[in-house]
Amino acid sequence: MAALSAVRPQGATAGRIIASAGGIGFFPWAPGTAGSAAALIVGAAGLHFAGHAVLALAAIAAAAGGIWAIRAARATDDPGWVVIDEVAGQWITLLGLGHLSWIGAAAAFVLFRLLDITKPGPIGWADRMNSPFGIMADDVIAGVAGAVILWALLLWKPMLFG
C-alpha cells in the first residue's frame with residue numbers, strides 16, 4: 001500500500017486525476033512515455049474495434065477535457081505528471097494509419113514520442129505558451145504531424161506497415 005500512496009496524486013481532485021490520465025502521470029520513470037504507451041494500447045484497441053471516427057472523437061474529448069483538467073489542477077509549465085496531452089496526441093497519431101498493425105502501432109508510438117520530445121517548429125512554439133492550452137496544443141500538433149507523416153508514408157509505400 002505504501003507504493004500506491006507514493007504515486008497517488010496529492011489532493012486527488014478530478015482535475016489531477018484526469019490530467020494525470022488516471023494516475024499514470026505519477027509513474028516514477030518517464031511519465032510521458034508511460035502515458036503514451038498506455039494511450040497506444042487503449043487507442044489501438046479503439047481503432048481496431050470501433051474505427052477511426054470513434055478514436056477521433058475520443059482524441060477530441062481527451063484534448064478538450066484535458067485543457068479543463070489542466071486548468072482545474074492549476075498545472076503550469078507542463079509538469080511531468082500531466083500526461084492527458086500525451087494521450088490525446090498519441091491517439092491523433094494513430095489516426096494516420098489506414099489499418100492497425102503491430103508495425104504501424106510501433107511506428108506511431110516512436111514517431112509521436114520523437115516529435116513530442118524534440119518539439120520541432122510549431123510544436124515548440126505551442127510548448128512555450130506556458131498555459132493549459134499550450135500544454136495540450138504541443139501534443140495535439142505533434143499528433144497531427146505524426147498522423148500526416150504516417151499517412152504520407154502509407155501513400156508512398158502502401159504495404160509499409162503490413
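Bear in mind that the values in this text are calculations on the coordinates, not laboratory data. Since the model is a prediction, treat every value here as computed from it, not as a measurement. For neighbour counting, all protein chains shown are included, and Cβ atoms are generated from backbone atoms with ideal geometry for every residue, glycine included.
Compared with the direct C-alpha span, the chain from V110 to S131 gains 5.0 nm at full extension, assuming 0.36 nm per residue. Label zone (T76, point 7 Å along Cα-to-C-beta; backbone nitrogen cut-off 13 Å) within the range 124-158: 130-132.
Taking the longest Cα principal axis of the chain as reference, the axis of helix 52-72 is set at about 20 degrees. Projecting label points 7 angstrom from Cα along Cα→Cβ for L160 and T118 puts them 1.5 nm apart.
For the chain, the longest principal axis of the alpha carbon atoms and the long axis of helix 84-94 meet at an angle near 10°. The calculated pair-distance distribution of the chain uses every alpha carbon pair, bins of 10 angstrom beginning at 0, and gives 12, 42, 33, 12, 2, 0 percent. About its Cα centre, the dipole of the chain is roughly 140 debye, where the only charges are +1 on Lys and Arg Cβ and -1 on Asp and Glu Cβ.
Each helix, a run of at least 4 DSSP H residues, gives -39500 (n - 2.57); summed and divided by the residues of the chain, these come to -22500 deg cm²/dmol at 222 nm. Rg of the Cα atoms in the range 66-138, relative to 2.2 N^0.38 Å, amounts to 1.17.
Any chance you could give the angle, 0 to 90 degrees and rounded to 10, that helix 31-50 forms with the longest Cα principal axis of the chain? It is inclined by approximately 50 degrees.
When each of M129, M136, M159 is scored by the number of other beta-carbon atoms lying within 10 Å, the sequence from fewest to most is M159, M129, M136.
Fewest first, what order do V42, V140, V54 take by the number of other Cβ atoms within 10 Å?
Ranked by crowding around the Cβ, least crowded first: V54, V42, V140.
Report note on the peptides 118-124, 96-102, 79-85, 18-24: ranked by the mean count of other C-beta atoms within 10 Å, highest first, their order is 79-85, 18-24, 96-102, 118-124.
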